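For reference, the structure is listed below as structure tokens.
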Amino acid sequence: MKLSQILTYPNQLTLIRMMFLPFIVIKLVEGHYSSALILFVLAGLSDGLDGLLARALKQQTTLGQYLDPIADKLLLSTVFLVLSILHKIPWKFTVLVFSRDISILAASAVLYAIAGLRDFRPSIFGKANTFAQVAAVFFVLLLQVKPEPWIVIARLTFLRAVFFFTIISALHYVLLVGQRLHTSPQQSAGASAGRSG
């Protein structure tokens, strides 16, 4: 891996976002929800900013394509887990989120090992699921800071959205994997035929 990939501004921003995680967890465990909310919002803003920087500065790297979703999953999965331990998010949502992420990670590793497939860019449903998770955590934390009826409704709405998009994105991923496995042998056969010709 080239050092230049790590030193790009978008990738440095992604690494900084990962550094927010322990401080968010500490604030949650201490019951300082307003501080946790501020740190979580800053982490979310850095997520959007690193993508904009990558496109604006033409610094899109292979490392960034892997690092960005890893940072997102690490942040969201950990916060979901801690909030469930603190009884702020029902366990069924956290179990679903973890089950999907672990399954996709395991499937990706197997597909890379067996078929050499490495293109696992998030689908539209995966992006919608990430947005729903971010919004759900935001409103769960906001509810601890400012308990108002409309925030209760927003929290429940986005938690249900997480439930829906987690299932839909997982099913869509299975379909995509099937398609890629189907086309991969054909591409390999075509390449072999081209070399022999």
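Take 131-137, 30-36 and order them by the average number of nearby Cβ atoms within 10 Å per residue, most first; the result is 131-137, 30-36. Note on E30 and L42: the extension gain reaches 2.4 nm, defined as 0.36 nm multiplied by sequence separation minus the Cα-Cα distance.
Where a number appears in this text, it was derived from the coordinates with a stated rule and is not lab data. Here the structure is a predicted model, which means the values were calculated and not measured. We place every Cβ from the backbone using ideal geometry, glycine too, and count neighbours over all the protein chains shown.
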